[in-house]
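Encoded as structure tokens, the structure appears first; notes follow it.
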Amino acid sequence: MRKKIAAGNWKMNLDLTQAQTLVSELVQMLEDEYNGSAEVVLAPSYPFLYPIHHLIKSYSRFYLASQNMYQKESGAYTGECSPMMLKSAGVTHCIIGHSERRQYFGENHEQLLAKVSLCIKSGIIPIYCVGETLSERESERTFEVISDQLVHSVFPIEGEDFSKIILAYEPVWAIGTGKTASPAQAQAVHAYIRQLIRTKYGEEIAENTSILYGGSVNAANAADLFSQPDIDGGLVGGASLKSREFTEIVKALP
Ligand code: PGA
């Protein structure tokens, strides 16, 4: 059975006190109100990882993600963070290939494959993001773009290692815009992704891969999105910065 996951990508928001308050509230609300099986993954920025690790480490449903990492184990790379460093600070997951990293930091297929591979080697679970821009969707290139992003950056990875990856479909036009993909639009792409995995790795791996939807998920639309057969949870940006809203999103998962 594949896992249900609600991941909060805080991006470059909050200060340390705000981050700690948010987590304390979230832990309390979910302890009080949620009995389901979903895993909750929090992705604060680098300086807050270790303090947040301390707040969540005794709660088994919570996991800690970094928003990025560098594709080298160590060395003279000023300003970068290796997965080993992250792991030693309590990180269990890492978001890789977010569209903002592709767009603003020029991350390409080759670099993303190196990141995903090193992440797995280091024992960190990659949350690998794919998604088309508005112009790609309008020119009916959605499936081609998604396929390219998978074929070049994760499908070179062997089956046993691939099975450790979580995928996230995040249409770029839906990120931070308030425009969510309809449940049917999202489901169509998720089913397509799962079919690509099935063709490449077989039925068992395809059935066990968690594929999250991201792009303006909120408390009002989460249940409809998560009820789709191939949507296994969400990668949530803006709405993950509010404890009540994110709690309701988690509660939309069984
Ligand atoms: P959003 O961001 O929920 O604010 O649209 C999602 C994401 O970028 O992961």
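For the stretch 1-40, how many residues meet the condition of being in a loop (DSSP other than H, G, I, E, B) and either surrounded by 13 or more Cβ atoms within 10 Å (Cβ to Cβ) or over 18 Å from the mean Cα position of the chain (by Cα) (or both)?
Qualifying residue count, the stretch 1-40: 13.
Going by what's in this entry, would residue 105 be described as of a type in the set (Phe, Trp, Tyr) and open to solvent by less than 70 Å² (accessible area, probe 1.4 Å)?
Spelling it out, it is not the case that residue 105 is of a type in the set (Phe, Trp, Tyr) and open to solvent by less than 70 Å² (accessible area, probe 1.4 Å).
Quick check on residue 124: is it buried (at least 18 other Cβ atoms within 10 Å of the Cβ), within 14 Å of the ligand (Cβ to nearest atom) and of a type outside the set (Lys, Arg)? Reasoning before the result, please.
On the way: buried (at least 18 other Cβ atoms within 10 Å of the Cβ): yes; within 14 Å of the ligand (Cβ to nearest atom): no; of a type outside the set (Lys, Arg): yes.
Judged against the criteria, residue 124 is not a match.
I'm told residue 254 meets every condition in (1) of a type outside the set (Gly, Ala, Ser); (2) under 17 Å from residue 36 (Cβ atoms); (3) in contact (Cβ under 8 Å) with a residue 60 or more places away in the chain; (4) buried (at least 21 other Cβ atoms within 10 Å of the Cβ) except one. Can you identify the failing condition by its number?
Of the numbered conditions (1) of a type outside the set (Gly, Ala, Ser); (2) under 17 Å from residue 36 (Cβ atoms); (3) in contact (Cβ under 8 Å) with a residue 60 or more places away in the chain; (4) buried (at least 21 other Cβ atoms within 10 Å of the Cβ), the odd one out for residue 254 is (4).
Which fully enclosed helices (runs of 4 or more DSSP H) of the stretch 192-254 have 1 or more residues being within 26 Å of residue 155 (Cβ to Cβ)?
203-208, 222-226
Does the stretch 71-90 contain any residue that is at pLDDT 95 or above, within 16 Å of the ligand (Cβ to nearest atom) and either under 19 Å from the mean Cα position of the chain (by Cα) or not β-branched (Val, Ile, Thr) (or both)?
There is no residue in the stretch 71-90 that is at pLDDT 95 or above, within 16 Å of the ligand (Cβ to nearest atom) and either under 19 Å from the mean Cα position of the chain (by Cα) or not β-branched (Val, Ile, Thr) (or both).
Please name all residue pairs, on different chains or six or more residues apart, with Cβ atoms under 7 Å, provided the first residue is in the stretch 160-176 and is closer than 13 Å to residue 3 by Cα and open to solvent by 30 Å² or more (accessible area, probe 1.4 Å) and the second residue is more than 7 Å from the ligand (Cβ to nearest atom) and aliphatic (A, V, I, L, M).
If the second residue must be more than 7 Å from the ligand (Cβ to nearest atom) and aliphatic (A, V, I, L, M), the pairs left are 163/205; 164/120; 164/125.
Taking the stretch 71-85 as the search range and keeping residues that are closer than 15 Å to residue 120 by Cβ and not in a loop (DSSP other than H, G, I, E, B), which one is least open to solvent (accessible area, probe 1.4 Å)?
83
I need every pair where a residue in the stretch 78-96 that is free of Cβ contacts under 8 Å to residues at least 24 places away in the same chain and more than 17 Å from residue 52 (Cβ to Cβ) has its Cβ under 6 Å from the Cβ of a residue that is among the hydrophobic types (A, V, I, L, M, F, W, C) and open to solvent by 50 Å² or more (accessible area, probe 1.4 Å), sequence separation at least 6 or different chains.
Cβ pairs passing all conditions: none.
For the stretch 86-100, which residues satisfy the criterion of being crowded, with 16+ Cβ neighbours inside 10 Å and not in a loop (DSSP other than H, G, I, E, B)?
Selection gives 86, 87, 93, 94, 95, 96, 99, 100.
The values are calculated or read from the model by the stated rules, or taken from the named source; none is laboratory data. Remember, predicted model here, so these are calculated numbers, not experimental data. Here Cβ is always computed from backbone atoms with ideal geometry, including for glycine, and neighbour counts include all displayed protein chains. Surface accessibility is based on the protein's heavy atoms, side chains included, excluding ligands, DNA and RNA. Shrake-Rupley method; radii C 1.70, N 1.55, O 1.52, S 1.80 Å.
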